[in-house]
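Student: Quick one: the structure is below, and I'll ask about it shortly.
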Amino acid sequence: MIPYPHLFRPLELACGVRLPNRIVMGSMHTGWEAREGGLERLAAFYAERARGGAGLLVTGGFSPNEAGNLGPHRAEISTPEDARRHRLIPRAVHEAGGRIVLQLLHSGRYGYHERIVAPSALRSPINPRTPRELSGEEIEATIGDFVRAAQLAEEAGYDGVEIMGSEGYLLTQFLAPRTNLRRDEWGGPLENRMRLACEIVRRTRAATGARFIVMFRLSALDLIEGGLSGEEILAVARAIERAGATILNTGIGWHEARIPTIAQAVPRAGFAWAARRIRQAVGIPVVASNRINAPEVAEAVLARGDADLVSAARALLADAEFAAKARAGDRAAINVCIACNQACLDHYFAGEPATCVVNPRAGRETELVYVRTKNRKRIAVVGAGPAGLSCAAVAAERGHEVTLFEAAPEPGGQFNLAKNVPGKQEFAESVAYFVERCRRAGVRLVLGQSATEAVLAGFDEVVIATGVLPRRPQLPGIGHPKVVGYADVLAGRVAVGEQVVILGAGGIGFDVALFLLERESRAPLEPGAFARHWGIDESLAAPGGLDPAGAPSVRPRHRVTMLKRSTTPFGATLGRTTGWVHRAALARHGVRMLKGVAYRMIDDEGVHVAVDGAETCIAADTVIVCAGQEPRRELKGHHFIGGARDARELDAKRAIREGAELAARL
């Protein structure tokens, strides 16, 4: 009996194609689309996920013309040579037993180059460049470019295309009054604004084969002022269906929206209700997306009737075998996406290839290869945090005899603290996954026992992954009873007073502030509470789906002041695509932030500081030290990984990667 019956029920599409299950790997920009040798890397990347059982894969975005490129480097499918170069991707996927469609994406005003165009010459708040307004003739030419790109994709062997009409790109810009101020046949009433999208779908359907999949990605919820109302979204969905689309995929929010859509703050399947509205309005299959990261979540979405398929993009980045493991009922073996964005979206927007914090092989399938060893060794790994767990699992899977020592009563290291922060509950999934992986690989796990030099002397290789120790600044009064460490706060070992001063404003300082301010108001995290918290109108009566009344205010039990010595902006070290979420949350709660602070002393009154030369005392019942970390290196070893090697800014991405890379070499 199939454990997830709705998820693994085949789907017959109107074009005559049969999908084996309801799992779609949604489009992700990997950064390989425009790189030398990138298509070869993508072929390996998608083939591995096809072998893992996904029903349908969607590539990252490729532009139909020069103006539509996302960046200064060319990622197009606009010439026969492009089609020839692309053939290796669908060929690899088909040989692996899968199906794949190519996403056609025109960036519009979101492009980061000098040639960007849009329906109107309006600059995006997330782009310093102002686009040029398209003429009527250029719009017609753009339609032709989309159709030609779809034909080239068909020639290359793709099973279809996904036309990107979501999340603030060109077609979305035509749809929304916010960005379309035209007064010709392409602007004004909705019928005109959706004409471009409908014409592209209609002409693409007419120009391609009967079994060619034409998927359209529509914003089910814009989350911006001047976006579409709920009724307008349904009108567009019906028009796209009439134009000949095979499937309607859904996207949530524009990139300039100030409401999180895929970060850890978003509940699992938190926007499936928006897909359900569209599914009830059309007769073609609808895909639900965003934060669907576990098979039981996907199954519930389908069982409720929210959608016909589920998009699990980052879920398949984290685990290429997500579908196969779910089909086998092996939930414990699934490496769950924790929605951190640190190695996928943050990498892409920094101009680096995307990978995954919890799966360092993602995007590196051809270079990080775990080969069975011919030289079995006895390996000791000291420390069962992220780095140690990763190293022990890979080393044991390669055939080594591995013993993993952990002084604490449970494995997980810093992840055991992180999972207590509101929105970061997913970290518990990673701990459970790596522990289970170690168990299956035969790792001997020794808990509650510190390794000694004598014990380690009998091993062929010793890996030190003991993590970090909190740094305690040299400051008069640092030993005052009101001064506590961040670990004790996050672990719930100390009581925290009403007036709180946090020393340090890096990632840990922000986590501690969020823990104090929202650990009650955001638990349990569910879609309704999330919508109220961020001011989302689930009726979609208002344009963009925004609640005009805003989110309700919740008075937390603590008043927080954050201090730091440096004069850099607060949150500068946070993730590029998620840092603004944390800053917005702290601003909502009125957190006071002071930078350029010179610490004087801590006493019964509070924290004495100098700011811009002025001496002052900040009253505090509790002072929490978040002043960085130092490597924990009491033991000698052959190898140091993770925080034990470098303690600057706790970095799970680096820790897990270093553990896996070292184990692959041992």
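The values are calculated or read from the model by the stated rules, or taken from the named source; none is laboratory data. It should be emphasised that the depicted structure is a prediction, and the values quoted were computed from it without experimental measurement. As a convention, Cβ positions derive from the backbone with ideal geometry for all residues, glycine included, and neighbour counts pool all protein chains shown. Please note that ligands, DNA and RNA were not included when accessible areas were found on the heavy atoms of the full protein model with its side chains. Shrake-Rupley method; radii C 1.70, N 1.55, O 1.52, S 1.80 Å.
Yes/no matrix, rows are residues, columns are (1) assigned to a loop (DSSP other than H, G, I, E, B); (2) touching a residue at least 40 places away in the same chain (Cβ under 8 Å); (3) open to solvent by 20 Å² or more (accessible area, probe 1.4 Å); (4) touching an Asp or Glu at 6+ places or on another chain (Cβ under 9 Å):
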residue: ARG555; (1), (2), (3), (4): yes, no, yes, no
residue: VAL560; (1), (2), (3), (4): no, yes, no, no
residue: SER566; (1), (2), (3), (4): yes, no, yes, no
residue: ALA584; (1), (2), (3), (4): no, yes, yes, no
residue: GLY590; (1), (2), (3), (4): yes, no, yes, no
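Student: Now, a different point. Kindly evaluate GLN414 against the criterion of being surrounded by fewer than 19 Cβ atoms within 10 Å (Cβ to Cβ), within 22 Å of ARG633 (Cβ to Cβ) and either polar (S, T, N, Q) or touching a His at 6+ places or on another chain (Cβ under 6 Å) (or both).
Tutor: When the stated conditions are applied, GLN414 does not pass them.
Student: Could I ask something else about it? Consider segment 51-81. How many of its residues are farther than 15 Å from LEU102 by Cβ, among the charged types (D, E, K, R) and touching a residue at least 12 places away in the same chain (Cβ under 8 Å)?
Tutor: Here the count works out to 3.
Student: Of the residues ASP159, ASP184, which single one is over 16 Å from SER107 (Cα atoms) and either in contact (Cβ under 8 Å) with a residue 60 or more places away in the chain or aliphatic (A, V, I, L, M) (or both)?
Tutor: Every option except ASP159 fails the conditions.
Student: Continuing with this model, one more query. If only one of GLY108, GLY71, GLY60, GLY55 is modelled with pLDDT under 95 and open to solvent by less than 60 Å² (accessible area, probe 1.4 Å), which one is it?
Tutor: Result: GLY71 is the single residue among GLY108, GLY71, GLY60, GLY55 that is modelled with pLDDT under 95 and open to solvent by less than 60 Å² (accessible area, probe 1.4 Å).
Student: Take the residues in segment 425-461 that are at pLDDT 95 or above and hydroxyl-bearing (Ser, Thr, Tyr), then tell me which one is most open to solvent (accessible area, probe 1.4 Å).
Tutor: Checking each candidate, the answer is TYR433.
Student: I've got another one for you. Looking only at helices (runs of 4 or more DSSP H) that lie completely in segment 134-250, which have at least 3 residues being in contact with a Cys (Cβ under 9 Å, 6 or more places away or on another chain)?
Tutor: 230-243
Student: A further question follows. Exactly one condition in (1) part of a loop (DSSP other than H, G, I, E, B); (2) open to solvent by 50 Å² or more (accessible area, probe 1.4 Å); (3) of a type outside the set (Lys, Arg); (4) modelled with pLDDT of 95 or more is false for ILE126; which is it?
Tutor: Here ILE126 clears every test but (4).
Student: Within segment 321-353, track down each residue that is closer than 19 Å to ALA441 by Cβ and surrounded by fewer than 18 Cβ atoms within 10 Å (Cβ to Cβ).
Tutor: Listed by number, the residues that qualify are ALA324, ALA328, ASP330, ARG331, ALA332, ALA333.
Student: Here is a follow-up. Restricting attention to segment 172-189, which residues are within 15 Å of SER219 (Cα to Cα) and either open to solvent by 60 Å² or more (accessible area, probe 1.4 Å) or over 32 Å from the mean Cα position of the chain (by Cα) (or both)?
Tutor: ARG178
Student: Among the numbered criteria (1) over 21 Å from TRP580 (Cβ atoms); (2) in contact (Cβ under 8 Å) with a residue 60 or more places away in the chain; (3) not in a loop (DSSP other than H, G, I, E, B), which one does PRO360 miss?
Tutor: (3)
Student: Given the conditions (1) surrounded by fewer than 22 Cβ atoms within 10 Å (Cβ to Cβ); (2) closer than 23 Å to ALA303 by Cβ; (3) under 23 Å from the mean Cα position of the chain (by Cα), and given that GLY283 satisfies all but one, which numbered condition is not satisfied?
Tutor: If we test GLY283 against (1) surrounded by fewer than 22 Cβ atoms within 10 Å (Cβ to Cβ); (2) closer than 23 Å to ALA303 by Cβ; (3) under 23 Å from the mean Cα position of the chain (by Cα), just (3) comes out false.
Student: Of the numbered conditions (1) surrounded by fewer than 17 Cβ atoms within 10 Å (Cβ to Cβ); (2) touching a Lys or Arg at 6+ places or on another chain (Cβ under 6 Å); (3) of a type outside the set (Lys, Arg); (4) under 24 Å from VAL266 (Cα atoms), GLY571 fails exactly one; give the number of that condition.
Tutor: If we test GLY571 against (1) surrounded by fewer than 17 Cβ atoms within 10 Å (Cβ to Cβ); (2) touching a Lys or Arg at 6+ places or on another chain (Cβ under 6 Å); (3) of a type outside the set (Lys, Arg); (4) under 24 Å from VAL266 (Cα atoms), just (1) comes out false.
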